[in-house]
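Take a look at the structure set out below.
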Amino acid sequence: MALTLDDYVLIAKLENKYGSLSKVKNDDPDFKKLRIEVTGKFEEYSERVVVRALNRGHSDKWAMDRYNISKSTLIMLRNKYLIRKVPIFRFRTSNGIYATSYLSLKKYTKINTKLFSKLKSLGITVMRKDYIWDDIPVNGYYLSHNGKLHIKHDVSLSDYERT
(Lines give C-alpha, C1' and ligand atoms only; values in the text may rest on other atoms or scores of the structure.)
Protein backbone atom coordinates (compact mmCIF):
# COMPACT_ATOMS: atom_id res chain seq x y z
CA MET A 1 0.00 0.00 0.00
CA ALA A 2 1.33 3.46 -0.92
CA LEU A 3 1.86 6.05 1.78
CA THR A 4 -0.30 9.16 1.72
CA LEU A 5 0.67 12.71 2.65
CA ASP A 6 -1.06 12.20 6.04
CA ASP A 7 1.11 9.12 6.65
CA TYR A 8 4.27 11.13 5.98
CA VAL A 9 3.04 13.85 8.36
CA LEU A 10 2.55 11.17 11.08
CA ILE A 11 6.02 9.75 10.40
CA ALA A 12 7.59 13.22 10.69
CA LYS A 13 5.67 13.87 13.92
CA LEU A 14 6.88 10.56 15.44
CA GLU A 15 10.49 11.15 14.34
CA ASN A 16 10.44 14.63 15.88
CA LYS A 17 9.06 13.23 19.13
CA TYR A 18 11.33 10.13 19.45
CA GLY A 19 14.28 10.94 17.19
CA SER A 20 13.72 7.84 15.04
CA LEU A 21 10.87 5.50 14.09
CA SER A 22 12.79 2.61 15.64
CA LYS A 23 12.51 4.29 19.06
CA VAL A 24 8.73 4.83 18.95
CA LYS A 25 6.78 3.12 21.74
CA ASN A 26 4.14 0.58 20.66
CA ASP A 27 1.43 2.25 22.71
CA ASP A 28 1.90 5.71 21.15
CA PRO A 29 -1.51 6.68 19.67
CA ASP A 30 0.06 8.22 16.54
CA PHE A 31 2.09 5.06 15.95
CA LYS A 32 -1.03 2.90 16.30
CA LYS A 33 -2.82 5.19 13.85
CA LEU A 34 0.07 4.93 11.40
CA ARG A 35 0.16 1.13 11.64
CA ILE A 36 -3.57 0.93 10.99
CA GLU A 37 -3.33 3.38 8.08
CA VAL A 38 -0.45 1.54 6.43
CA THR A 39 -1.31 -2.12 7.12
CA GLY A 40 -4.91 -1.93 8.24
CA LYS A 41 -4.17 -4.41 11.03
CA PHE A 42 -2.41 -3.14 14.13
CA GLU A 43 -3.82 -6.10 16.10
CA GLU A 44 -1.85 -8.67 14.09
CA TYR A 45 1.37 -6.75 14.62
CA SER A 46 0.88 -6.42 18.36
CA GLU A 47 -0.22 -10.06 18.63
CA ARG A 48 3.02 -11.22 17.04
CA VAL A 49 5.08 -9.08 19.42
CA VAL A 50 3.17 -10.29 22.50
CA VAL A 51 3.56 -13.94 21.43
CA ARG A 52 7.30 -13.44 20.97
CA ALA A 53 7.58 -11.91 24.46
CA LEU A 54 5.57 -14.74 26.04
CA ASN A 55 7.74 -17.31 24.27
CA ARG A 56 10.82 -15.67 25.78
CA GLY A 57 9.37 -16.25 29.25
CA HIS A 58 7.98 -12.84 30.21
CA SER A 59 5.25 -12.86 32.84
CA ASP A 60 1.57 -12.21 32.16
CA LYS A 61 1.66 -9.03 34.23
CA TRP A 62 4.68 -7.73 32.33
CA ALA A 63 3.03 -8.41 28.95
CA MET A 64 -0.30 -6.85 30.02
CA ASP A 65 1.46 -3.71 31.29
CA ARG A 66 3.91 -3.42 28.38
CA TYR A 67 1.46 -4.01 25.55
CA ASN A 68 -1.69 -2.68 27.21
CA ILE A 69 -3.72 -5.86 26.70
CA SER A 70 -6.36 -7.44 28.90
CA LYS A 71 -6.03 -10.66 30.89
CA SER A 72 -8.60 -12.36 28.63
CA THR A 73 -6.61 -11.41 25.50
CA LEU A 74 -3.45 -12.75 27.09
CA ILE A 75 -5.14 -16.04 28.04
CA MET A 76 -6.52 -16.32 24.49
CA LEU A 77 -3.00 -15.87 23.05
CA ARG A 78 -1.48 -18.44 25.42
CA ASN A 79 -4.18 -20.95 24.44
CA LYS A 80 -4.10 -20.15 20.72
CA TYR A 81 -0.31 -20.56 20.44
CA LEU A 82 0.03 -23.17 23.23
CA ILE A 83 2.50 -21.02 25.16
CA ARG A 84 3.50 -22.45 28.50
CA LYS A 85 3.98 -20.33 31.59
CA VAL A 86 7.35 -20.39 33.30
CA PRO A 87 8.17 -18.49 36.47
CA ILE A 88 10.31 -15.41 36.70
CA PHE A 89 13.68 -16.23 38.24
CA ARG A 90 14.32 -13.76 41.06
CA PHE A 91 17.93 -14.62 41.90
CA ARG A 92 21.19 -15.58 40.18
CA THR A 93 24.21 -16.83 42.05
CA SER A 94 27.77 -15.97 41.06
CA ASN A 95 28.30 -19.63 40.16
CA GLY A 96 25.51 -19.39 37.55
CA ILE A 97 22.43 -20.89 39.21
CA TYR A 98 19.10 -19.14 38.65
CA ALA A 99 16.47 -19.49 41.38
CA THR A 100 12.74 -18.82 41.21
CA SER A 101 12.55 -17.72 44.84
CA TYR A 102 14.41 -17.31 48.10
CA LEU A 103 12.74 -20.51 49.33
CA SER A 104 13.95 -22.58 46.36
CA LEU A 105 17.50 -21.37 46.94
CA LYS A 106 17.17 -22.17 50.64
CA LYS A 107 15.88 -25.70 49.90
CA TYR A 108 18.69 -26.35 47.41
CA THR A 109 21.49 -25.20 49.72
CA LYS A 110 19.89 -26.65 52.87
CA ILE A 111 20.93 -23.49 54.73
CA ASN A 112 18.19 -22.56 57.16
CA THR A 113 19.29 -19.16 58.49
CA LYS A 114 21.16 -16.17 57.07
CA LEU A 115 21.27 -17.70 53.60
CA PHE A 116 22.94 -14.83 51.76
CA SER A 117 25.60 -14.16 54.38
CA LYS A 118 26.47 -17.87 54.61
CA LEU A 119 26.72 -18.12 50.82
CA LYS A 120 28.88 -14.99 50.80
CA SER A 121 31.23 -16.60 53.34
CA LEU A 122 31.56 -19.49 50.85
CA GLY A 123 32.50 -17.01 48.10
CA ILE A 124 29.10 -17.08 46.37
CA THR A 125 27.22 -13.84 45.84
CA VAL A 126 23.53 -13.63 44.99
CA MET A 127 22.16 -11.01 42.59
CA ARG A 128 18.52 -9.99 43.01
CA LYS A 129 16.91 -9.15 39.68
CA ASP A 130 14.06 -10.49 37.57
CA TYR A 131 15.45 -12.95 35.03
CA ILE A 132 13.27 -14.51 32.34
CA TRP A 133 13.66 -17.95 30.76
CA ASP A 134 15.48 -16.40 27.81
CA ASP A 135 18.16 -14.98 30.17
CA ILE A 136 19.25 -18.44 31.26
CA PRO A 137 21.88 -19.77 28.85
CA VAL A 138 21.52 -23.18 27.22
CA ASN A 139 23.28 -25.70 29.50
CA GLY A 140 22.76 -23.25 32.38
CA TYR A 141 21.40 -24.30 35.77
CA TYR A 142 18.11 -23.30 37.34
CA LEU A 143 16.16 -24.27 40.43
CA SER A 144 12.48 -25.15 40.34
CA HIS A 145 10.19 -24.04 43.17
CA ASN A 146 11.02 -27.12 45.26
CA GLY A 147 14.77 -26.47 45.16
CA LYS A 148 15.61 -29.17 42.64
CA LEU A 149 18.48 -28.33 40.25
CA HIS A 150 17.82 -28.62 36.48
CA ILE A 151 19.81 -27.98 33.33
CA LYS A 152 18.32 -25.90 30.50
CA HIS A 153 18.82 -28.04 27.39
CA ASP A 154 17.23 -25.77 24.78
CA VAL A 155 15.52 -22.40 24.46
CA SER A 156 11.92 -23.61 24.20
CA LEU A 157 9.58 -23.16 27.14
CA SER A 158 8.75 -26.87 27.02
CA ASP A 159 12.25 -27.55 28.37
CA TYR A 160 11.32 -26.01 31.73
CA GLU A 161 10.86 -28.66 34.44
CA ARG A 162 8.54 -27.69 37.27
CA THR A 163 9.61 -30.41 39.74
**Request:** Using a cut-off of 15 Å between beta-carbons, work out the net charge of the residues near GLY96 (Lys and Arg +1, Asp and Glu -1, GLY96 not included).
**Result:** +2
**Request:** Starting from the Cα of SER94, step 7 Å toward the Cβ, then list every residue of region 123-139 with an amide N under 14 Å from that point.
**Result:** 123-128
**Message:** On a full-extension model of 0.36 nm per residue, what is the gain between TYR81 and ASP130, subtracting their alpha-carbon distance, rounded to one decimal in nm?
**Reply:** 15.2 nm
**Asked** Measuring from label point to label point, each 7 Å out along Cα→Cβ, what is the ASP7 to ILE36 span in nm?
**Response** 1.6 nm
**Asked** Please identify the trypsin sites (Lys or Arg not before Pro) of region 76-106 that satisfy two criteria: DSSP loop assignment and at most 14 other Cβ atoms within 10 Å. Which are they?
**Response** LYS85
**Item:** Angstrom value of the Kirkwood radius, inverse mean 1/r, which spans all Cα pairs in region 1-129
**Value:** 18.2 Å
**Prompt:** How big is the charge dipole of the chain about its Cα centre, in debye rounded to the nearest 20, if each Lys and Arg gets +1 on its Cβ and each Asp and Glu gets -1 on its Cβ?
**Reply:** 1180 debye
**Request:** Quick one: compute the contact order of the chain, relative version, from alpha carbon pairs under 8 angstrom and 6+ residues apart, as a percent.
**Result:** 18 percent
**Item:** Charge-dipole axis of the chain as Lys and Arg at +1 and Asp and Glu at -1 on Cβ define it, positive-most pick from SER20, ASN55, VAL9
**Value:** ASN55
**Asked** Using a 1.4 Å probe, what is the accessible area per residue for the chain, in Å²?
**Response** 62 Å²
**Message:** Within the chain, what whole-number % of the accessible surface is contributed by carbon and sulfur, with the 1.4 Å probe and all protein chains included in the calculation?
**Reply:** 54 percent
**Asked** What list of ³J(HN,Hα) values in whole Hz, one per residue of region 134-143 in order, does the Karplus curve 6.51 cos²θ - 1.76 cosθ + 1.60 (θ = phi - 60°) give from phi, with Gly and Pro shown as x?
**Response** 5, 6, 7, x, 4, 6, x, 9, 9, 9
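The values are calculated or read from the model by the stated rules, or taken from the named source; none is laboratory data. Quick caveat: nothing in here was measured; it's all calculated off a predicted structure. When we count neighbours, we look across all protein chains shown, and the Cβ atoms used for this are built from the backbone with ideal geometry, even at glycine. The accessibility values were calculated without ligands, DNA or RNA, using every heavy atom of the protein model including side chains. Shrake-Rupley method; radii C 1.70, N 1.55, O 1.52, S 1.80 Å.
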